[in-house]
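Okay, so here's the structure we're looking at.
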Amino acid sequence: MDNDLRLLTGNSNPELAREIASYLETKLTSTEVKKFSDGEISVNIGENVRGSDAFVIQSTCSPVNDNLIELLLLIDALRRASARRITAVMPYYGYARQDRKVSPRVPISAKLVANLITEAGASRVLCMDLHAGQIQGFFDIPVDHLYAAPVLLEHMRHNLHQNLVLVSPDAGGVERARAFAKRLGASLAIIDKRRDAPNVAKAMRIIGDVKDKTAMILDDMIDTAGTLTEAANALKENGAASIYASATHAVLSGPAIDRVMKSALEKVVVTNTIPLSAAASACPKITTLTVSGLLGEAIRRIHQEDSVSNLFV
């Protein structure tokens, strides 16, 4: 890679950043990100970045606010150090679920975060599997929106074969499930879900035939796993032979791991956009795939001013 490429990372997902650097056959720029005794975050870039094409690799996952501030401070430090272009690489975009007003007197947090990133000095954004595609429009700078589909599809082709049905756990995920089903030559089912409160979901009924089939539940993220386990229970009750799940972002908060272990799910496949906790890593039902090659290729093409359109599948 050219000498003016710089890869930086905070504390959110250093392992993914190292994998991306390895893919690009380069090294991470020396960066110190630490906390003062009162909790304030300190950032120091240890190398010259003047005139560079800088990519800050930082998922805004838990602890969300610390990782977000780290991202903003790294961008600001690069801008003040005269980096030529700054790209915020956000494998996981925190606050994405707050993308509209669902009740009076609430913020649109996803838009606020977009404003913060832009005002900090980012020139463009590279992200993956946004919870809502319209968040791209919240930015007034270029956004490259990747999908983990190539990685997940390759895994499914090698591990799931005949009699497969792709299952959307709610109406909002039908387009995603349909696209996967088309590429795999599989059938499609939809779960009619009623959500009574945040992070509380109840599956009601299944639209489509799942009896004696291998069911793959497909979602963009798994948070508390309430939706996922309710969906698995509904599929089991309707005669599915085996039940799997796949998602890009493994948030896995609260009782998620316990729910997965006690559920009818045989395997849950996620990517490393978010680093797994020790409990999640030890869970025998969870398999992690890397998206470092996909992100690394996008970074290479952006840096070399090549097209990235064929990565948007």
* Based on the alpha-carbon gyration tensor of segment 49-176 and its eigenvalue square roots a ≥ b ≥ c, which shape applies: rounded if a/c is under 1.5, prolate if not and a/b is larger than b/c, or oblate? -> oblate
* **Helix 149-159 vs. the chain, principal-axis angle (Cα, 0 to 90°, nearest 10)** => 40 degrees
* Quick one: give the max-minus-min coordinate of the C-alpha atoms of the chain along each principal axis, largest first, in Å. => 61, 43, 36
* To do: Please compute the net charge surrounding Ser277, taking Lys and Arg as +1 and Asp and Glu as -1 over other residues with Cβ under 14 Å from its Cβ.
  => -3
* With the chain treated as a Gaussian network of Cα nodes joined by springs under 10 Å, which of Val56, Val167, Val43 yields the largest mean-square fluctuation? -> Val43
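Count the DSSP beta bridges whose two residues both fall in segment 22-107, then state the antiparallel fraction as a percent rounded to the nearest 5. List each step's numbers first, then the result.
Working: 5 of 10 bridges.
The answer is about 50 percent antiparallel.
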* Give, rounded to the nearest 20 debye, the magnitude of the charge dipole that the chain has about its Cα centre when Lys and Arg contribute +1 at Cβ and Asp and Glu contribute -1 at Cβ. => 680 debye
* Mean 1/r over all different Cα pairs, inverted: what Kirkwood radius does segment 101-226 give, in Å? -> 16.9 Å
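Using packing as a proxy for protection, rank 143-151, 174-182 so that the peptide with the highest average count of other Cβ atoms within 10 Å comes first.
Numbers: 143-151: 19.3, 174-182: 16.4.
Per-residue mean Cβ counts within 10 Å order the peptides as 143-151, 174-182.
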* To do: Give the span of segment 1-81's Cα atoms along each principal axis, as three whole-Å numbers ordered largest to smallest.
  => 39, 26, 16
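On a 31 Å Cα-Cα criterion, which of the cross-link pairs Lys111/Lys193; Lys27/Lys111; Lys35/Lys111 come out too long? Intermediate values should be presented prior to the final figure.
Values: Lys111/Lys193 27 Å; Lys27/Lys111 33 Å; Lys35/Lys111 27 Å.
The pairs that break the limit, which is 31 Å between Cα atoms, are Lys27/Lys111.
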* Putting +1 on Lys and Arg Cβ atoms and -1 on Asp and Glu Cβ atoms, find which of Pro104, Asn65, Ala21 reaches farthest to the positive end of the dipole of segment 1-146. => Pro104
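Only counting other Cβ atoms within 10 Å, I'd like Cys283, Cys127 sorted with the fewest neighbours first.
On the way: Cys283 18, Cys127 22.
In increasing order of surrounding Cβ atoms, one gets Cys283, Cys127.
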* To do: Could you tell me how many degrees, from 0 to 90 and to the nearest 10, lie between the Cα long axis of helix 174-184 and the main elongation axis, the longest principal axis, of the Cα atoms of the chain?
  => 80 degrees
* Asked: Out of Ile108, Ile57, Ile75, any idea which swings most in a Gaussian network model of the chain, alpha carbons joined below 10 Å?
  -> Ile108
* In straight Cα distance, which lysines are under 21 Å from Lys285, not counting same-chain residues fewer than 8 positions off? -> Lys213, Lys236, Lys262, Lys267
* Structure fact -> The answer for Leu146, listing residues at least 5 apart or on another chain whose modeled amide H is closer than 5 Å to its amide H, is Cys127, Met128, Asp129
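Laboratory data are not the source of any read-out in this text; all were calculated from the coordinates shown. Here the structure is a predicted model, which means the values were calculated and not measured. Note: ideal-geometry Cβ built from the backbone for every residue, glycine included; neighbour counts use all protein chains shown.
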